[in-house]
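Undergrad: Got a structure here, written out as structure tokens. Questions coming.
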Amino acid sequence: MPTPLARTLLPGLILILTLPPVAAQERAAERVEALLAEMTLEEKVGQMTQVTLTAVAAEGDHPRGGVLLDPVRLREAVVERGVGSILNVLGASLSLDGWHELLGEIQRLATSETRLGIPVIYGIDFMHGANYTREGTIFPHNLGLAAAFDRDLVRRAARITSEEAIASGLPWNFSPVGDVGRIPLWPRYYETFGEDPFLAAEMTRAAVEGMEADGRVASTLKHYLAYSGSDVGRDRTPANLTERQVREEYLPPFRAGIEAGARAVMLNSGEIDGEPVHASRYWVTDVLRDELGFKGVVVTDWMDVIFLHTRHRVAPTMKDAVRMAVEAGIDMSMTPYDYAFADLLAELVREGTIPESRVDASVRRILTMKVTTGLLDAPTPDPAARALFAAEASRETARQAARATITLLQNDGVLPLRRGARVFVGGPAAESLTALNGGWTYVWQGTDAFEFPDGVPSLLDAIRSRAAQTTFVPGATFSEPLDIEAAARAAAGADVAVLAVGEDAYAEWVGDIRDLTLPEAQLSLIEAVQATGTPTVLVLVQGRPRTIHRVADRAAAIVMAYTPGMEGAEAIADVLYGEHNPSGRLPFTYPRHPNALDTYDHRYTQTLDTGFDRGRGGFDPQFAFGHGLSYTTFAYRDLLLDRQQVGPGDQVRVHVTVTNTGDRAGADAVLLFTRQHYASLTPPVRRLLGFRKVHLQPGESETITFSVPVRRLAFIGRDGQPRLERGDFDVMVGDLTDTLRVTP
Ligand code: BGC
């Protein structure tokens with residue numbers, strides 16, 4: 001039960017939601033101020049502390065789908081320390097009942113046994129659907145979603161994710177990832193929306209819109225900033241980038257997500273140009289708050305205040321680390337096991353190093369999130385919201401999403417398969433549900449297959465249900481050869497071989513690699529099967545582009561499936577058998593060689609072939625950004641600009657007509673690029689300016705219009721600010737080009 005004070009502050013979520021926005025904001029602010037005025041320093045630093053579930057859970061075994069709390073440790077965290085937030089799961093996901101019981105227990109303590117009755121806000125990593133609630137809807141990871149080039153799809157997936165979070169009773173999601181995937185080695189590449197800053201920004205915006213639409217779930221943009229820009233491609237390693245690059249390549253999704261109303265930001269555990277982001281007043285306060293206008297909660301990532309002292313070594317003591325992080329601008333520390341942060345922060349305030357007003361500013365933001373998510377009014381999960389969970393329509397959206405992501409990279413005509421064909425299936429991903437779903441699926445690493453619901457088909461199952469005759473020999477694990485010869489023998493007797501290869505699930509640093517090449521065991525398997533002469537279809541189930549140049553040319557078809565999620569197997573089979581016409585396009589450049597990691601928006605000098613007799617030089621990827629085939633064909637005509645000359649404040653309309661020139665219905669992602677002829681800093685050879693997905697019947701045409709603000713033609717100058725330079729710009733769709741002149 002709420003305390004008397006909390007009760008007097010309860011104007012009701014319904015009231016807040018029905019008030020006009022400004023009035024609702026004022027009312028929320030009043031409630032926050034009333035609480036803040038009552039709080040002691042200890043209560044305030046408690047609100048700024050976030051611990052993980054392990055810190056309050058009982059040791060030993062837990063019932064499947066549930067968590068046993070340790071009453072002593074829970075009381076310490078919630079009552080004595082008054083922590084603002086708890087996060088995470090233990091080893092595995094919880095059932096809906098499990099979540100309701102857990103949250104019920106935590107909130108009962110928080111609301112009835114603390115002085116002010118402020119509920120704890122529980123944070124969760126629902127990264128691709130309700131991946132920590134048993135039987136939750138699981139979508140493809142972001143990289144695949146980006147390949148669909150469909151904002152609405154991303155918005156709908158995020159909305160469903162938020163509904164299932166509400167059903168679980170979870171008001172705070174640590175998603176979406178706004179990191180831009182510029183370096184494919186990076187083990188969190190699949191969490192990104194690909195390599196293009198504009199695409200990533202548009203998708204991040206859509207994800208935030210979907211996640212925040214209901215109001216009861218706060219989204220988190222992470223990991224601000226340039227986390228994915230590591231030099232060496234390993235998790236949590238430094239990004240030695242210029243500020244110009246950071247702003248050009250990594251900032252746009254965060255800007256877009258803030259505009260869309262994200263209520264939280266999680267910081268990058270790494271460092272930019274020698275400065276750990278958690279200690280950077282420049283990036284966290286000057287840029288994030290003052291320049292981008294972010295008003296929500298800044299939460300640290302896992303242990304990152306401690307790491308300023310123990311890993312980054314910019315803080316000689318833990319107390320320095322706390323001071324630096326708070327001075328940089330954090331609001332909440334994911335400590336996540338202890339209370340040193342709170343103790344040291346209180347000490348810093350008492351001795352006058354940090355003004356209490358600074359602490360108040362953070363607590364105000366944290367309480368605002370609690371008020372605006374409705375947590376103060378409805379701290380425990382709403383039993384009625386269970387109806388939102390795992391609806392059939394949500395699963396259908398996941399299936400649509402999985403289909404829309406699949407990208408046909410190569411096809412000599414072997415696809416779509418005939419149902420009567422005898423199919424050999426091999427490769428380590430053929431029977432693997434963990435590979436299809438990737439990390440962050442029921443468990444952090446996504447590797448515990450026993451956690452998966454019963455009856456989810458593997459790719460092998462999905463092919464078997466369609467093929468007249470199927471033989472299966474795996475031939476290799478993800479890293480080791482098995483019975484490669486047996487696989488080749490079986491393949492020799494088939495009409496077609498489908499090899500599902502790639503990567504098993506991983507998350508964060510556990511997925512660090514030192515070589516982007518597809519592991520040797522899998523390459524050997526592919527070569528052995530190809531040597532039989534049976535046409536070979538490669539299905540790539542992977543979170544990043546593992547290089548395949550040794551086997552690509554001899555593949556009859558190559559299908560990029562990314563990590564398509566729980567509906568992935570059926571979606572891949574739908575594409576293989578032509579029940580779905582693929583329309584995905586690569587949201588990144590697929591490298592041919594592991595050391596040739598140019599992005600599509602490279603500089604002209606990167607295209608020059610200076611290889612002489614050392615082999616192919618220049619820009620020569622396996623597959624280009626935006627590449628993706630269909631079972632039909634599309635043609636573009638009549639690229640028209642509504643004006644040839646524009647000023648900086650103008651908007652230009654670009655029209656182009658797309659026709660389905662084949663004999664099947666299909667969808668096409670129309671990509672609009674631009675190229676600046678001359679600029680004061682070397683212009684990239686291309687930049688994505690717009691994208692639109694169109695669905696066309698055979699013979700049907702549609703004229704689409706992109707409205708582009710001219711300021712989007714700007715690049716970031718040396719001063720870190722956008723520069724729009726006058727001159728000529730090519731505007732390109734497919735092979736069509738027109739020129740636009742920007743005048744002052
Ligand atoms: C990850 C975050 C995640 C957090 C909480 C960290 O290790 O970097 O993305 O939100 O853990 O689980």
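The values are calculated or read from the model by the stated rules, or taken from the named source; none is laboratory data. Only a predicted model underlies this, so the values are computations on that prediction, with no experimental measurement involved. As a convention, Cβ positions derive from the backbone with ideal geometry for all residues, glycine included, and neighbour counts pool all protein chains shown. Heavy atoms of the whole protein, side chains included, go into the accessibility calculation; ligands, DNA and RNA do not. Shrake-Rupley method; radii C 1.70, N 1.55, O 1.52, S 1.80 Å.
Undergrad: In the chain, how many lysine pairs have Cα atoms under 23 Å apart, counting only pairs 8 or more places apart or on different chains?
TA: Within the chain, the lysine pair count is 6.
Undergrad: Search the structure for amide H atoms under 5 Å from the amide H of T471, placed 1.01 Å from N in the peptide plane, and list their residues when 5 or more places away or on another chain.
TA: Residues meeting the amide H criterion: V423, F424, V425.
Undergrad: Which whole-number percentage describes the relative contact order of the chain, with Cα contacts under 8 Å and a sequence gap of 6 or more?
TA: Contact order relative to length: 12 percent.
Undergrad: For the chain, with the dipole built from +1 on Lys and Arg beta-carbon atoms and -1 on Asp and Glu ones, taken about the Cα centre, which of S175, I406, Y442 lies farthest toward the positive end?
TA: With unit charges placed on the Cβ atoms, the residue in question is I406.
Undergrad: While we're looking at this one, here's another question. Hey, with R₀ at 45 Å, roughly what FRET efficiency would S524 and D663 work out to, going by the Cβ-Cβ distance, to 0.05?
TA: 0.70
Undergrad: Going by Cα centres, segment 40-93 and segment 246-268 are how many Å apart?
TA: Comparing the Cα centres of segment 40-93 and segment 246-268, I get a distance of 29 Å.
Undergrad: Amide H of V559 versus every other amide H placed in the peptide plane: which residues, excluding those fewer than 5 positions away on the same chain, fall under 5 Å?
TA: L409, L538, V539, L540
Undergrad: State whether segment 198-340 is rounded, prolate or oblate according to the following rule on the C-alpha gyration tensor (a ≥ b ≥ c being the square roots of its eigenvalues): a/c under 1.5 gives rounded; otherwise a/b larger than b/c gives prolate, and the remaining case gives oblate.
TA: oblate
Undergrad: Remind me, what semi-axes does segment 554-647 give for its equivalent ellipsoid, largest first in whole Å, using sqrt of 5 times each Cα gyration tensor eigenvalue?
TA: 29, 25, 13
Undergrad: While we're on this one: Using per-residue counts of other Cβ atoms within 10 Å, averaged over each peptide, order 632-645, 212-225, 139-152, 365-378 from highest down.
TA: The densest-packed peptide leads the list: 139-152, 212-225, 365-378, 632-645.
Undergrad: Okay, moving on. Grab the beta carbon distance between A486 and Q721, set R0 = 56 Å, and tell me the FRET efficiency rounded to 0.05.
TA: 0.35
Undergrad: Apply 1/(1 + (r/R0)^6) to the Cβ-Cβ distance of R422 and L681, taking R0 = 60 Å, and write down the FRET efficiency to the nearest 0.05.
TA: Efficiency for this residue pair is about 0.55.
Undergrad: Exactly which GluC sites (Glu not before Pro) in segment 545-628 are in a DSSP loop and have at most 15 other Cβ atoms within 10 Å?
TA: Loop-located and lightly packed - E579.
Undergrad: At 222 nm, what value in deg cm²/dmol follows for the chain if DSSP H runs of at least 4 each add -39500 (n - 2.57) and the sum is divided by all its residues, to the nearest 500?
TA: -8500 deg cm²/dmol
Undergrad: Out of the total accessible area of the chain (probe 1.4 Å, heavy atoms of protein only), what percent is carbon and sulfur?
TA: Carbon with sulfur: 50 percent of the solvent-accessible area.
Undergrad: So how far apart, in nm, are the two label points at R313 and Q651 if each is 7 Å from Cα heading toward Cβ?
TA: Calculated label separation equals 5.5 nm.
Undergrad: Relative to the Cα centre, what is the charge dipole magnitude of the chain, using +1 at the beta carbon of each Lys and Arg, -1 at the beta carbon of each Asp and Glu, and rounding to the nearest 20 debye?
TA: 1260 debye
Undergrad: Which order, highest average first, do 91-99, 354-362 follow once you tally other Cβ atoms within 10 Å for each residue and take the mean per peptide?
TA: 91-99, 354-362
Undergrad: Could you state, as a whole-number percent, how many of the C-alpha pairs of the chain are farther apart than 41 Å?
TA: In whole percent, the long-distance tail amounts to 32.
Undergrad: Related question: What is the gain in length, in nm to one decimal, between T40 and L640 on full extension, counting 0.36 nm per residue of separation less the C-alpha to C-alpha distance?
TA: Length gained, T40 through L640: 209.6 nm.
Undergrad: Ordered by packing density, taken as the mean number of other Cβ atoms within 10 Å over each peptide's residues, highest first, how do 338-346, 522-530 rank?
TA: Result, highest mean first: 522-530, 338-346.
Undergrad: If Lys and Arg each add +1 and Asp and Glu each add -1, what is the summed charge of the other residues whose beta carbon sits under 12 Å from the beta carbon of W444?
TA: Cβ neighbours under 12 Å give a net charge of -4.
Undergrad: Taking +1 at the Cβ of each Lys and Arg and -1 at the Cβ of each Asp and Glu, which of P698, G647, W509 sits farthest along the dipole of the chain towards its positive end, judged by Cα position relative to the Cα centre?
TA: G647
Undergrad: Here is a further query. At 1.4 Å probe size, with every protein chain present, just tell me what the per residue accessible area of the chain comes to in Å².
TA: Per residue, the chain has 36 Å² of solvent-accessible surface.
Undergrad: Could you pull out every whole DSSP H run in the chain that spans at least 18 Å of Cα extent along its own axis and averages -0.5 or higher on the Kyte-Doolittle scale?
TA: The answer, listed by residue number, is 21-38, 96-112, 151-168, 197-212, 356-372.
Undergrad: Still on this model: Report the relative contact order of segment 265-349, percent, no decimals, based on alpha-carbon pairs under 8 angstrom and at least 6 residues apart.
TA: Normalised by residue count, the contact order of segment 265-349 is 32 percent.
Undergrad: Starting from the amide H of F623, placed 1.01 Å from N in the peptide plane, find each other amide H under 5 Å away whose residue is 5 or more places distant or on another chain.
TA: Y590
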